[in-house]
Amino acid sequence: MQLFPLATAEVTVGDRTLPFDALHGAASAVAARVQGAPAIAVRAEATAETVVAVVGCLLAGVPVVPLAPDSGPKELSHVLGDSGATLLEHVDLASRGAWTGPEPGPDETALILYTSGTTGLPKGVPVSRRAIATCLDGLAERWAWDPDDVLVHGLPLYHVHGLVLGVLGPLRVGGRLIHTVRPQPALYAAAAGTLYFGVPTVWSRVAGDPDSAKALRSARLLVSGSAALPGGVARDLAALTGLVPVERYGMTETLITIAADARAERRVGWVGTPIAGVSARVNADADGETPGDLQVRGETVFTGYLGRAGAGFTDDGWFDTGDVAVVDRDGWFKIVGRKSTDLIKSGGYRIGAGEVEAALLDHPGVSEAAVIGAPDADLGERVVAYVVAEGVSAAELIDFVARVLSVHKRPREVRFVEGLPRNHMGKVQKALLA
Ligand code: MCA
Ligand code: AMP
């Protein structure tokens with residue numbers, strides 16, 4: 001199945017621009033190098049090299065494992081060992097090939113994305129080519145996304161948002177991408193796009209920088225996702241840009257499943273309706289607008305974690321997202337919360353409390369640790385660690401976690417306590433911490 005049927009895309013990352021031919025030529029050279037490998041890991045820095053590496057592997061039909069460039073040694077050895085991937089060391093933007101290999105089938109794995117659970121190490125999520133194509137075509141339809149669009153964002157290239165939507169999206173649509181390297185308001189303003197992507201933290205920062213926000217008046221669509229967009233941010237953006245952002249909802253495991261139509265009336269706080277090829281339901285006891293478990297199935301949904309088939313699915317084959325939602329009579333969905341408080345969303349990043357707790361416990365000065373997500377005006381939630389420790393400062397512990405895990409998983413705050421509240425089974429009662 002052809003992932004990139006149009007040869008009209010153009011990709012700019014920072015100060016480097018690759019027209020489609022140059023991108024395809026350099027990616028062809030990568031494809032020739034990696035063909036036949038079981039999986040290839042790519043240090044996904046925000047560079048044109050990362051785009052070329054990913055496209056090269058996709059051409060060759062080799063699953064790509066994008067790595068956070070600041071991954072700690074613990075994450076790195078787990079991901080490489082678990083996926084069996086070999087690290088791709090060097091990509092030359094100037095090399096040219098002409099890949100003519102057969103197009104891989106729709107059920108082949110395109111990407112293996114690692115994502116945090118509530119406990120333990122991150123799990124591998126195989127994403128098929130069909131899932132990517134269905135997701136991108138569904139979103140292109142919702143957003144009337146076409147080759148004339150210039151997409152602008154500065155999101156990390158190792159997640160669904162920045163990589164699948166933000167890079168493979170413009171490549172599939174055949175439009176332009178301007179990646180600003182960092183998602184900073186002034187860089188968004190300078191890029192003069194038609195379509196902008198951001199996580200709520202980015203939109204909140206744009207709204208807090210009126211000059212940059214006003215420069216987005218010439219865009220046609222602002223899209224928010226990866227976490228709930230606060231209504232106040234949506235309204236501030238609308239006042240400054242003349243555009244009410246649309247939301248879309250998804251997960252690493254399911255890609256984007258629900259999105260608002262850019263041509264429909266804007267409904268702040270609601271994420272939209274299922275895209276083509278996907279079904280969604282709220283599994284609640286009562287009918288109507290009662291909050292319940294949000295479950296999805298369809299062509300964008302994965303078939304199981306690497307080495308853990310079946311986990312997360314209901315008996316009748318729906319994936320249980322772990323999010324709590326309501327659906328109204330028009331079939332619009334609103335995300336109202338998440339079942340587990342041990343999955344934290346900070347700046348749009350998904351962070352497992354258990355992984356951060358385990359990292360803290362690796363420090364010799366720490367004897368007990370409990371991690372929660374506390375409400376945060378900028379990040380949505382911030383990672384807060386409660387520790388029983390001796391002879392170590394908060395700053396030292398924060399640096400320690402930033403070194404053994406990715407920097408974004410570090411606690412923003414450490415609170416030293418005499419002991420953790422536990423029930424009679426010895427389980428930490430996190431509700432009593434906050
Ligand atoms: C600070 N820094 C440190 C430390 N403290 N470095 C080492 N040790 C420390 N103790 C440095 C960092 O290296 C970095 O440096 C700088 O401080 C700021 O880092 P950061 O914490 O990342 O900044 P932030 O302000 O908290 O970042 C906000 C952000 C970021 C830019 C919005 O959260 C972000 O990019 N979020 C996007 C997440 C995303 O794409 N999620 C999609 C998941 P330097 O600046 O030099 O690097 S996919 C998904 O959810 C789905 C499917 C969906 O629906 O989209
Ligand atoms: P990740 O696997 O990193 O993609 O995170 C997926 C999670 O992000 C979902 O389970 C939701 O909790 C959250 N999420 C994504 N998009 C939205 C949205 N538009 N509104 C609320 N939560 C969202």
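The values are calculated or read from the model by the stated rules, or taken from the named source; none is laboratory data. Remember, predicted model here, so these are calculated numbers, not experimental data. Reconstructed Cβ throughout: ideal geometry from the backbone, glycine too, with neighbour counts over all protein chains shown.
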- Message: Just the residues that are without any contact (Cβ under 8 Å) to a residue 24 or more places away in the chain and within 16 Å of ligand 2 (Cβ to nearest atom), please, taken from the stretch 367-420.
- Response: P375
- Note on the structure: Reported set for the stretch 315-366 where residues are away from ligand 1 (no atom under 16 Å from the Cβ), more than 20 Å from the chain's Cα centre (by Cα) and small (G, A, S) is G317, G331, A358, G365
- Item | strands (runs of 3 or more DSSP E) completely within the stretch 238-283 that count 1 or more residues being of a type in the set (A, V, I, L, M) and surrounded by fewer than 24 Cβ atoms within 10 Å (Cβ to Cβ) | 246-251, 278-283
- Task: Give E10, E75, E103, E108 a once-over and let me know the one that is of a type in the set (D, E, K, R) and closer than 22 Å to V407 by Cα.
- Result: E75
- Just give me the residues in the stretch 367-376 being more than 12 Å from R412 (Cβ to Cβ) and surrounded by 22 or more Cβ atoms within 10 Å (Cβ to Cβ), in sequence order. A369, A370
- Quick one: which residue in D146, D137 is at pLDDT 95 or above and not in a loop (DSSP other than H, G, I, E, B)? D137
- Message: Could you list, ordered by first residue, the pairs with Cβ atoms under 9 Å in which the first is in the stretch 248-268 and aliphatic (A, V, I, L, M) and the second is assigned to a loop (DSSP other than H, G, I, E, B) and near ligand 2 (Cβ under 10 Å from one of its atoms), at least 6 apart or interchain?
- Response: I256/G225; I258/V271; A259/G225; A259/V271; A260/W270; A260/V271; V268/L229
- Note on the structure: Here the residues within the stretch 176-191 that are in contact (Cβ under 8 Å) with a residue 60 or more places away in the chain and surrounded by 24 or more Cβ atoms within 10 Å (Cβ to Cβ) are L177, H179
- Only residues in the stretch 1-20 that are closer than 23 Å to P106 by Cβ count as the first member; pair them with residues that are among the basic types (K, R) and surrounded by 15 or more Cβ atoms within 10 Å (Cβ to Cβ), Cβ under 8 angstrom, at least 6 apart or cross-chain, and list the lot. M1/R129; M1/R130; L3/R129; L3/R172; F4/R172; P5/R172; L6/R172; A9/R176
- Item | Count - residues of the stretch 301-314 that are within 16 Å of ligand 1 (Cβ to nearest atom) and assigned to a loop (DSSP other than H, G, I, E, B) | 3
- Which condition breaks for L360 when tested against (1) within 24 Å of A280 (Cβ to Cβ); (2) buried (at least 23 other Cβ atoms within 10 Å of the Cβ)? (1)
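Here's the yes/no breakdown for (1) outside any helix (DSSP H, G or I); (2) of a type in the set (A, V, I, L, M, F, W, C); (3) near ligand 1 (Cβ under 9 Å from one of its atoms):
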position: Y386; (1), (2), (3): yes, no, no
position: V392; (1), (2), (3): yes, yes, no
position: L397; (1), (2), (3): no, yes, no
position: R403; (1), (2), (3): no, no, yes
position: P411; (1), (2), (3): yes, no, no
position: V414; (1), (2), (3): yes, yes, no
position: G419; (1), (2), (3): yes, no, no
position: M425; (1), (2), (3): yes, yes, no
position: A434; (1), (2), (3): yes, yes, no
- How do the strands (runs of 3 or more DSSP E) wholly within the stretch 9-124 filter down when requiring 2 or more residues that are out of contact with any helix residue (DSSP H, G or I) (no Cβ under 7 Å at 6 or more places or on another chain) and surrounded by fewer than 16 Cβ atoms within 10 Å (Cβ to Cβ): which remain? 16-19
- Query: Among the residues of the stretch 224-237, which ones are part of a loop (DSSP other than H, G, I, E, B) and among the hydroxyl-bearing types (S, T, Y)?
  - Reply: S226
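Restricting to the stretch 182-201, and then to whatever is assigned to a helix (DSSP H, G or I) and within 16 Å of ligand 2 (Cβ to nearest atom), can you tell me which residue is farthest from I256 (Cα to Cα)?
Ranking the qualifying residues of the stretch 182-201, first place goes to T201.
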- Output yes when any residue across the stretch 264-271 is within 16 Å of ligand 1 (Cβ to nearest atom), closer than 14 Å to G250 by Cβ and at pLDDT 95 or above, and no when none is. yes
- Restricting the search to the stretch 221-237, which residues are away from ligand 1 (no atom under 16 Å from the Cβ) and buried (at least 21 other Cβ atoms within 10 Å of the Cβ)? A234
- Query: Failed condition for W203, given (1) without any contact (Cβ under 8 Å) to a residue 40 or more places away in the chain; (2) aromatic (F, W, Y); (3) over 21 Å from R16 (Cβ atoms), with all others met?
  - Reply: (1)
